[in-house]
Every structure is written in structure tokens, then in C-alpha cells.
Amino acid sequence: MKTADIRVLITGAGTGSSGNVIRALRAMTPAPHIVGVNHDRFTLKQSLADLNYLCPPCAASEFVDATVDLVGRERINVVMPGDDDAVKALSDGRERFPITLFLPRRNTIDLCQDKYALTVFLRQRAIAAPLTYAVRSLGDLDRIFARFSRNGLLWCRARRGSRSLAAIPVARVEQARAWITQWRDLRGVKVSDFTLSEYLPGRHFIVQSVWRDGRLLLAQSVEVLSYFAAGNNPSGVFSLSSLAKTVMAPDALQVTLRAVRAIEKRPSGTFFVELKEAMGGVPCITEINAGRFPSGVTALLAVGKHNMVAVFAWAAVGEPVAIDDPHGSSVDHYLVRDIDAVPGVFSAADLLEGFPGTGV
């Protein structure tokens with residue numbers, strides 16, 4: 001098959017994350033045909049796709065109907081969901097599609113979209129993940145805090161959702177109670193949707209991988225160096241990076257591969273794994289987003305010897321993919337992102353050129 005025969009449908013068209021994926025697809029020669037869908041006509045106006053359609057929201061029952069219709073009408077052979085809601089909707093409706101969706105198993109997606117259940121699963125298999133307790137009620141908070149033997153911060157967050165939903169470090173029971181109560185009263189988030197876990201102070205890694213029928217096709221490790229709006233929230237941390245770089249991180253890669261293989265005996269599709277280092281420098285998995293690429297660092301996955309988004313597209317249409325060393329070869333490429341700016345990717349050498357000194 002030629003790349004011109006690849007026809008991709010992307011959900012969430014017009015968002016920054018869809019733009020990153022489209023730019024990576026357009027790095028293929030020749031570029032595949034790309035169709036974008038979104039329920040928001042304003043966002044859709046920003047889409048970089050070749051053709052765009054207004055569609056129902058992912059949470060609506062009509063979303064799968066509309067997507068199935070478009071797959072047939074536009075002869076789509078690759079579907080790429082842009083966020084967890086789209087992943088879940090497509091996964092649940094996969095039997096209705098005329099093509100095989102290149103997604104992990106339904107049970108895998110359901111497990112990964114519940115951060116607490118995932119953490120329990122990993123720790124039961126001796127895979128590094130933070131000690132975490134579910135909050136059943138506000139009355140549980142004293143008991144949970146008492147289970148952590150040392151003084152210091154705990155990490156409070158919602159067990160479902162993305163972009164660091166309701167996440168904050170807390171030092172005392174009173175802080176956790178006030179935070180959870182505020183989200184319950186103002187945003188309608190249930191108390192039972194929260195967890196408390198050990199705080200991980202170390203480096204932040206993302207490991208993205210693509211698999212087919214149990215074989216790792218390609219993996220790449222990225223270190224997040226700084227965050228959007230870091231100074232505007234108590235944690236100083238956010239899920240969207242403003243500066244990140246490709247790295248060789250063998251420990252983070254090893255725990256990632258162990259986790260994916262523990263979740264699926266024969267994994268297929270893409271897995272977006274986030275990790276933070278514990279006090280001793282051990283990388284612990286904080287979440288796994290199964291079935292999609294990250295909204296922030298996708299541009300870094302298209303540089304170097306292998307374009308991971310292209311690898312995904314080839315694998316999705318059943319074409320052979322042979323990479324001698326699938327464990328990531330791109331190092332020292334930096335991603336710089338800002339609001340209303342196309343993400344920039346630069347090698348370490350690029351950063352040493354082109355800036356005359358000011359004498360300051």
C-alpha cells in the first residue's frame with residue numbers, strides 16, 4: 001500500500017493535539033488523506049485536515065453512528081481518536097465498524113481510564129506505581145492520612161479525567177477535605193471520585209509506544225521539563241508541557257513495557273504512559289492513556305529516524321513494520337510550546353546557533 005492510499009479520520013479536529021497529529025502524518029511522503037470531525041463548529045474551523053465534518057459529541061449515542069457512516073463514505077482505513085472520551089466511545093462501538101479499529105482491547109481501555117483501578121492492578125503485579133487509596137467519603141480522610149507513615153505531601157486527584165483534573169498536593173487532612181468539598185460543591189465531582197496517593201517529587205517522563213499483535217513496533221521516552229500555567233496552580237505541575245525533550249530513560253521504558261505486557265498478553269495499538277520518579281529515583285506509573293497519542297508532545301514523536309505517528313498509520317492498515325531497535329533512537333530534541341504558537345522542535349545543536357550575545 002502507498003501512503004496516498006491511507007485515509008485517516010481524526011476526532012477532535014481543530015484542537016492543538018489534532019494539529020500535532022496531522023503535521024506528523026503530513027511528514028509522510030506522500031501525505032495520506034485526512035478527514036477531521038468535531039462537534040464544535042468553532043474549533044472545527046481551525047482544523048488542518050483535508051476535509052472536515054461536524055459530528056455529534058463523543059458522549060452522544062449518535063457519535064458512533066456518524067463515525068461509522070463517515071468511515072464508509074470517505075473510505076477511511078485508519079481512525080485516530082484525539083482524547084479519552086473518543087477512545088472510549090470508539091472502543092465500545094468497535095464491532096459496528098466495517099474496518100478493524102487499531103485500538104487496545106475494551107477491557108484495557110476501561111482499566112486505564114480508571115486511574116485508581118490501574119494503580120491497584122499494577123501494584124498487585126509488583127510494577128512500580130504510587131501507593132494510592134480511594135476516598136469513599138470525607139470521613140475516610142483521617143484514616144487514609146494515618147496510613148502514610150512519614151510526614152509530607154500527598155497527591156489528591158480525581159480517579160478519572162485528563163489534564164490533571166482536580167489534582168493538587170496536600171499536607172494535611174483539612175486541606176484535602178476543603179479541596180474535595182470545593183470540587184463537589186462547585187463542579188459536581190463526587191467525593192468517591194477522588195484518590196489520595198504518595199507524592200512523587202522526581203522527574204516526569206512520558207513513554208509512548210506502538211504495538212501490534214504483541215510485538216513492540218516502536219517506543220520513545222520524553223522528559224517533561226516545564227509546564228503550562230505552572231505558576232497558576234498550587235502544585236506547579238500540569239499535564240501539558242511547555243518544554244520537553246526526547247531522552248533515553250531505560251528505567252522508565254522498562255517499567256512501561258512491563259506494564260503494557262501485564263495489561264495485555266498481545267497488545268495492539270498505542271499506549272501513552274506517564275511516570276514520575278519517587279524519592280529514590282524509581283519511575284512510577286501515574287497513568288496510562290490507552291489508544292491515543294498525547295496532546296502535548298506528539299511533535300517530538302515525529303522527529304529522528306522514525307516517525308511514530310507514521311508507524312501507527314502503517315500498522316493500522318496491516319502493512320509490515322520492521323525497526324531494528326524499537327526502543328527509541330531520538331535524543332536531545334526539544335519541544336517548545338506556547339499558547340497560539342505552532343510547537344517548535346529543535347535539536348540541542350540548533351539551540352547553540354543563531355543568537356548573538358548582548359554583552360549583558
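Structure notes:
- Listed peptides 86-99, 173-186 appear in the order 86-99, 173-186 once ranked by packing, highest mean of other Cβ atoms within 10 Å at the front.
- Equivalent ellipsoid dimensions for the stretch 100-148 as semi-axes, Å, which come from the Cα gyration tensor, largest first: 29, 14, 6
- Summary of the geometry: the stretch 149-223 and the stretch 88-103, compared by the centres of their Cα atoms, lie 28 Å apart.
- Averaging the sequence gap over all C-alpha pairs within less than 8 Å and six or more residues apart, then dividing by the number of residues, gives the stretch 239-336 a relative contact order of 37 percent.
- Given charges at beta-carbon only (K, R positive; D, E negative), |dipole| of the chain in Debye: 840 debye
- Crossing angle, helix 62-73 versus the chain [Cα axis fit, 0-90 degrees, rounded to tens]: 30 degrees
- When only Cα pairs below 8 angstrom with a gap of at least 6 residues are kept, the stretch 8-78 shows a relative contact order of 31 percent.
- Ordering Tyr334, Thr181, Pro294 by Cα displacement along the dipole of the chain toward the positive end leaves Thr181 in first place; charges were set at the Cβ atoms of Lys, Arg (+1) and Asp, Glu (-1).
- Alpha-carbon Rg with Dmax, taken over the stretch 1-148, Å: 19.3, 61
- Nearest-ten-degree value, helix 16-26 long axis tilted from longest Cα axis of the chain: 40 degrees
- For the stretch 48-142, the relative contact order works out to 17 percent when only alpha carbon pairs closer than 8 Å and six or more residues apart are counted.
- Whole-angstrom Cα spans of the stretch 121-224 along principal axes, big to small: 47, 32, 26
- q = 0.16, 0.19, 0.22 Å⁻¹: log10 I(q)/I(0) that the Debye formula gives for the stretch 1-66, counting C-alpha atoms only: -0.51, -0.69, -0.85
- Cα-centred dipole magnitude for the stretch 85-231, charges only on beta-carbon of K, R (+1) and D, E (-1), debye, nearest 20: 180 debye
- Only helices enter the 222 nm calculation for the chain: every DSSP H run of n ≥ 4 contributes -39,500 (n - 2.57), and dividing by all residues gives -8000 deg cm²/dmol, rounded to 500.
- Peptide ranges 5-13, 242-250 listed from the most packed, as the mean C-beta count within 10 angstrom indicates: 5-13, 242-250
- Computed from backbone phi with θ = phi - 60° and the Karplus coefficients 6.51, -1.76 and 1.60, the 3J(HN,Hα) list for the stretch 113-124 is 7, 10, 4, 5, 4, 5, 4, 4, 4, 5, 5, 5 Hz; x is used for glycine and proline.
- Normalised by 2.2 N^0.38 Å, where N is the number of residues, the C-alpha radius of gyration of the chain stands at 1.00.
- Projecting the Cα atoms of Ala134, Val87, Leu51 onto the dipole axis of the chain, where Lys and Arg carry +1 and Asp and Glu carry -1 at the beta carbon, places Ala134 farthest toward the positive end.
- Evaluated at q = 0.15, 0.17, 0.22, 0.23 Å⁻¹: base-10 log I(q)/I(0), Debye formula over Cα of the stretch 231-330: -0.73, -0.94, -1.54, -1.65
- Computed with a 1.4 Å probe over protein heavy atoms only, the accessible surface of the stretch 47-197 comes to 49 Å² per residue.
The values are calculated or read from the model by the stated rules, or taken from the named source; none is laboratory data. Small disclaimer: the values here were computed from a predicted structure and weren't measured. Counting neighbours? That spans all protein chains shown, and the Cβs are built from the backbone with ideal geometry, glycine included. Note: accessible area is taken over every heavy atom of the protein model, side chains too, but ligands, DNA and RNA are not part of it. Shrake-Rupley method; radii C 1.70, N 1.55, O 1.52, S 1.80 Å.
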